[in-house]
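Following: one structure in structure tokens, then a few remarks.
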Amino acid sequence: MWKIKFQKAEILIVAFIVLGSFFIISRYRYLADDFQQYGSEVLSNHQAILSSQTQWRLPENAPADNDLRFYFFGDLMLDRHVGERLAGQPLSYLLSNLDGANKFWAEADIVGANLEGAVTDNGAHYAPANAYDFAFPPERIAELKAYGFNYFTSANNHFSDQGQIGVEETRKNLSELGFNYSGSTDAKIDEYSRKDVIVSNQKIAMIGLSMVYNDFDLEAAEKLIETASLETDLVIVNIHWGTEYQHQFSKHQQNIGRSLIEAGADAIIGHHPHVVQGMEIYQGKPIFYSLGNFIFDQYFSEDTQEGLSVGLEISPATTTIFFQPLKSEKAAPRLMTAVEKTKFLEKFSSWSQADSDLEMKIKSGRIDLTRNSNQ
Ligand SMILES: [Zn+2]
């Protein structure tokens, strides 16, 4: 009798556990589905806007005064000898040094570089045939998504390497791949020069300009930036300019850079000289004259194999700048060691227009600025 009673109790306990488990699992699944659905909705919103695999640091409904994080790299060229090195290999063959814990830009909202060439179907080369003639297949550029890249400036002297068809295919391919891009061919300012990107309810105007063979119309550039500054929360200008292999930026670059800050640019990121040029802070806003090469096949000197990546964390009141200099070996960049970084930042500060205070900050690898005031 007692035994039967115990069995009954046992059955009841087991039944209670089983039913309870079903209840808990179903609740959990319901919550998990809800989260998954909500999470993927947020992600697809972001992907529609930014199409990136960047880890989103800020939620969709974040207040508008949250910091925005950017990371910018120099010239990116995957044709010629880089293409030969990469033949039959994934892009990680060159970028494995910057994976995992070394992917210091993983938290950035916008990760960009200067795309020094056309993105044509199958990487095809079209007329005209230039001495330096760059084209990349879309599949290769798509691999950059895994590294968090979601913006390219195409305003440079190689965008038109594959003629007008190359320009059109680049835009089509970058759009299909879900990248943001801005910039027209050298010296041209048109509707492609500005691309608005929304991150955490903030609108950022990404402007691309190039003045290699000819200067662009400065007044038109100022107007473009002025309008953008009225219509958006932040204006970032990527500009292709300067003399190749010169660490010292020119007076001409400085005049134009400063005019663009006066017109409303919040930061200027320069490329083209294939080596790093100095920087300055003008009206509380940074101008980086050249970030040098990021991935390029100019193996002939140390200077062309040293590049600078710049992190910007911008809030309405402050801008924080981080420097991560890179060293390349046969187009494979890696972080500089502490000793190399110290030596490099010393050189970088000597190329910059900096008083002793800014010089000290540059050498420390971090600059804190109060926005909207003179440094
Ligand atoms: Zn260039």
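Every number in this text was worked out from the coordinates using simple rules, so none of it is lab data. Quick caveat: nothing in here was measured; it's all calculated off a predicted structure. Backbone-built Cβ (ideal geometry, glycine too); neighbour counts: all protein chains shown.
Descriptive notes on the structure:
- Taking other C-beta atoms within 10 Å as the exposure proxy, VAL212, VAL197, VAL235 rank VAL212, VAL197, VAL235 from fewest upward.
- Neighbour cut-off at most 14 other Cβ (10 Å), DSSP loop, chymotrypsin sites (Phe, Trp or Tyr not before Pro), the range 63-142: PHE104, TYR132
- For the range 311-364 and the range 203-239, distance of Cα centres in Å: 25
- Remark: the TYR213-ALA87 segment gains 42.2 nm on full extension, using 0.36 nm per residue and subtracting the alpha carbon distance.
- Note on the range 53-370: along the principal axes its Cα atoms extend 47, 44, 42 Å, ordered by decreasing extent.
- The loop-placed GluC sites (Glu not before Pro) in the range 200-273, going by DSSP, that have at most 16 neighbouring Cβ atoms within 10 Å of their Cβ come out as GLU244.
- Fewest-first ranking of SER309, SER349, using other Cβ atoms within 10 Å as the exposure measure: SER349, SER309
- The ranking of THR153, THR337, THR170 from fewest to most other beta carbons within 10 Å of each one's beta carbon is THR337, THR170, THR153.
- The charge dipole of the range 53-370, taken about its Cα centre with unit charges on the Cβ of Lys, Arg, Asp and Glu (plus for the first two, minus for the last two), comes to roughly 660 debye.
- Pairwise FRET efficiency - ASP368 versus ASN130, Cβ, R0 = 45 Å, nearest 0.05: 0.55
- Projecting label points 7 angstrom from Cα along Cα→Cβ for GLU244 and GLN283 puts them 3.3 nm apart.
- Taking 18 Å as the limit for the C-alpha separation, the pairs LYS285/LYS361; LYS327/LYS347; LYS251/LYS361; LYS195/LYS285; LYS343/LYS363 exceed it in the case of LYS251/LYS361; LYS195/LYS285.
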